[in-house]
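*Asks:* Could you have a look at this structure, given as structure tokens, before my questions?
The values are calculated or read from the model by the stated rules, or taken from the named source; none is laboratory data. Every value quoted in this text rests on a predicted model; they were computed, and no experiment measured them. Please note: Cβ atoms are built from the backbone with ideal geometry, for glycine as well, and neighbour counts cover all protein chains shown. Surface accessibility is based on the protein's heavy atoms, side chains included, excluding ligands, DNA and RNA. Shrake-Rupley method; radii C 1.70, N 1.55, O 1.52, S 1.80 Å.
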Amino acid sequence: YCGMTSDLRQGALVALRPAPKPPMDPAIPLGQQGTLRGNRVICIAFLIRGCTVGGERYRWREYLLYAGPRVGYLWLMEEDGGWKLVTPLAPGDVDQRGGQVVYRGQRYRHKQSVLASVEHVVGELYWKVEVGEEVRANDYQGPGGIVSVEQAESEVTMSLCENLSWNELAQAFALPAETP
């Protein structure tokens, strides 16, 4: 958030060097507070991630929201003008079976798998993140949206991605009514 790359390995926050500025400003400024689907949230980080498919580079933007100790962290994802609310899922809530997953009794069929990498990061995150960090992202499409399963070297995270309109987002964060 302060424009510095920092580290906390030794138990104290240490500024390492200036962080490269992302090629665009976030649509939701860091520190912006709002109320989204009944949860009081604050935007604490902004990432640009991307993947290469068939020789072409695709990019999307992610925003980390903190919703207090009861709810924890939520994500927003923006890609090609569309928005999704991304809610973390407990691994025990998702049953992976071959080319599909089952979540809350509903089947989600495999949609795509990509190697996603971090291109830019600004703000405070709950894990050490670096430009170039990669995960294998597997998306499964179903009746409730997309269940995403991301596998890094030492962990697996799962989340539910639900469509979110710009109007709802603009109202939640007091942003302009027109999409950026």
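*Asks:* Glu124 - would you say it is crowded, with 18+ Cβ neighbours inside 10 Å, among the acidic types (Asp, Glu) and touching a strand residue (DSSP E or B) at 6+ places or on another chain (Cβ under 6 Å)? Write out each step before concluding.
*Replies:* Numbers: crowded, with 18+ Cβ neighbours inside 10 Å: no; among the acidic types (Asp, Glu): yes; touching a strand residue (DSSP E or B) at 6+ places or on another chain (Cβ under 6 Å): yes.
Judged against the criteria, Glu124 is not a match.
*Asks:* Next up: Exactly one condition in (1) within 29 Å of Asp25 (Cβ to Cβ); (2) in contact with a Ser or Thr (Cβ under 7 Å, 6 or more places away or on another chain) is false for Leu89; which is it?
*Replies:* Every condition holds for Leu89 apart from (1).
*Asks:* Is it the case that Val118 is touching an Asp or Glu at 6+ places or on another chain (Cβ under 9 Å), open to solvent by less than 30 Å² (accessible area, probe 1.4 Å) and in contact (Cβ under 8 Å) with a residue 60 or more places away in the chain?
*Replies:* Working: touching an Asp or Glu at 6+ places or on another chain (Cβ under 9 Å): yes; open to solvent by less than 30 Å² (accessible area, probe 1.4 Å): yes; in contact (Cβ under 8 Å) with a residue 60 or more places away in the chain: yes.
When the stated conditions are applied, Val118 passes them.
*Asks:* Please go through region 97-115 and pick out each residue that is over 25 Å from Leu47 (Cβ atoms) and either open to solvent by less than 90 Å² (accessible area, probe 1.4 Å) or touching a strand residue (DSSP E or B) at 6+ places or on another chain (Cβ under 7 Å) (or both). Lay out the reasoning, then the answer.
*Replies:* Step one: filter region 97-115 for residues over 25 Å from Leu47 (Cβ atoms), giving 97-100, 102, 104-107, 109.
Gly98, Gly99, Gln100, Val102, Gly105, Gln106, Arg107, Arg109 - these are the residues of region 97-115 that are over 25 Å from Leu47 (Cβ atoms) and either open to solvent by less than 90 Å² (accessible area, probe 1.4 Å) or touching a strand residue (DSSP E or B) at 6+ places or on another chain (Cβ under 7 Å) (or both).
*Asks:* When region 27-60 is examined, which residues are found to be charged (D, E, K, R), assigned to a strand (DSSP E or B) and open to solvent by 30 Å² or more (accessible area, probe 1.4 Å)? Write out each step before concluding.
*Replies:* Looking only at region 27-60, we keep the residues that are charged (D, E, K, R), and these are 37, 40, 49, 56-57, 59.
Filter once more, so that each one left must be assigned to a strand (DSSP E or B): 40, 49, 56-57, 59.
If the condition is that a residue be charged (D, E, K, R), assigned to a strand (DSSP E or B) and open to solvent by 30 Å² or more (accessible area, probe 1.4 Å), then Arg40, Glu56, Arg57, Arg59 are the ones that fit.
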